[in-house]
Amino acid sequence: MSEAISFPSVLLVGCGRMGGALLSGWLENDVAERYIVVEPAVGSRPHTLSPHVVFLASPDQLDAAVRPAAAVIAVKPQVMVETLPHYRALAKGGTLFLSIAAGRTLGFLASRLGDDAAVVRAMPNTPAAIGHGISVACANAKVDTAGRARAQALLAAVGEVAWIEDETLMDAVTAVSGSGPAYVFLLIECLTKAGVEAGLPGPLAEKLARATVAGAGELARVSPEPAAQLRQAVTSPGGTTRAALDVLMAKDGLEPLLRRAVLAAAKRSQELAD
């Protein structure tokens, strides 16, 4: 899945759920020879067992002579202001910065890292943890072809990658694919509860809901047919699926509800930029 580019070293700032997913993908795909991770709360993570990973509790422990090929910023948007200045010196050394923080714009990132900073902003999603994520990325003017290739290799290690030139689209990207897995997990929860109310035992209802969503998602992923056509293929006139869709596709059904949810997420992404 990776773009088969190997770096001498990669710096990862923040190793929470998404940072850890990225690191796992890099290790599996041999993206770099060495990984330096700045993360105060290391805990008992499997990454600590790898001889290729060095954990630091704070940026003060980072060797000033280290010049990683890329510095991936994977901390929460709310702590970016205090985090980024610690790494300004790397910008002049040719390090590419890759941020996965929601809402934080290229302009915001460059203002904290310096005018020399080559910055890529990306939005991966949690299926990256199993190598099935999708990331959307955009770059500032300081990122050259080689820099894009670096970012592509880092993101491709955990799934598909798409690039955009219009950064204003990132709020919608965040709302659809970044937050989207939570919507799907909620669908599984709701489908499970509805199955129980229809008479199924809880464990069986959950098993059916999980497998159905996973299977339908994989079918949609590999099929060349549009989602609407796939839906129509399993909907017989006057049948059980049609009865259910009459409820879901009503004027106050799933589509307007999901539209409001996505717009709310996009609005929050915009607010995080302020």
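Residue 219 - would you say it is closer than 27 Å to residue 259 by Cβ, touching a residue at least 24 places away in the same chain (Cβ under 8 Å) and within 27 Å of the chain's Cα centre (by Cα)? So residue 219 does not fit the description; no. When every residue of the stretch 36-54 is checked against the conditions, none turns out to be touching a Ser or Thr at 6+ places or on another chain (Cβ under 8 Å), touching a residue at least 40 places away in the same chain (Cβ under 8 Å), closer than 27 Å to residue 173 by Cβ and not in a loop (DSSP other than H, G, I, E, B).
Under the condition of being part of a loop (DSSP other than H, G, I, E, B) and in contact (Cβ under 8 Å) with a residue 40 or more places away in the chain, which residue from the stretch 141-160 is nearest to residue 264 (Cα to Cα)? Once the filter is applied, the top-ranked residue is 158. Take the conditions (1) surrounded by 14 or more Cβ atoms within 10 Å (Cβ to Cβ); (2) touching a residue at least 24 places away in the same chain (Cβ under 8 Å); residue 205 misses just one of them, which is (2).
Evaluation of residue 194 against the conditions (1) on the phi > 0 side of the Ramachandran plot; (2) modelled with pLDDT of 95 or more shows that the sole unmet condition is (1). Within the stretch 247-255, at least one residue is within 26 Å of the chain's Cα centre (by Cα) and surrounded by 13 or more Cβ atoms within 10 Å (Cβ to Cβ).
Checking 228, 243 one by one, the residue that is over 19 Å from residue 188 (Cα atoms), more than 29 Å from the chain's Cα centre (by Cα) and without any contact (Cβ under 8 Å) to a residue 24 or more places away in the chain is 243 and no other.
The values are calculated or read from the model by the stated rules, or taken from the named source; none is laboratory data. Worth saying up front: this structure is predicted, and the values here are computed from it rather than measured. Glycine also receives a Cβ, built like all others from the backbone with ideal geometry; neighbour counts cover every protein chain displayed.
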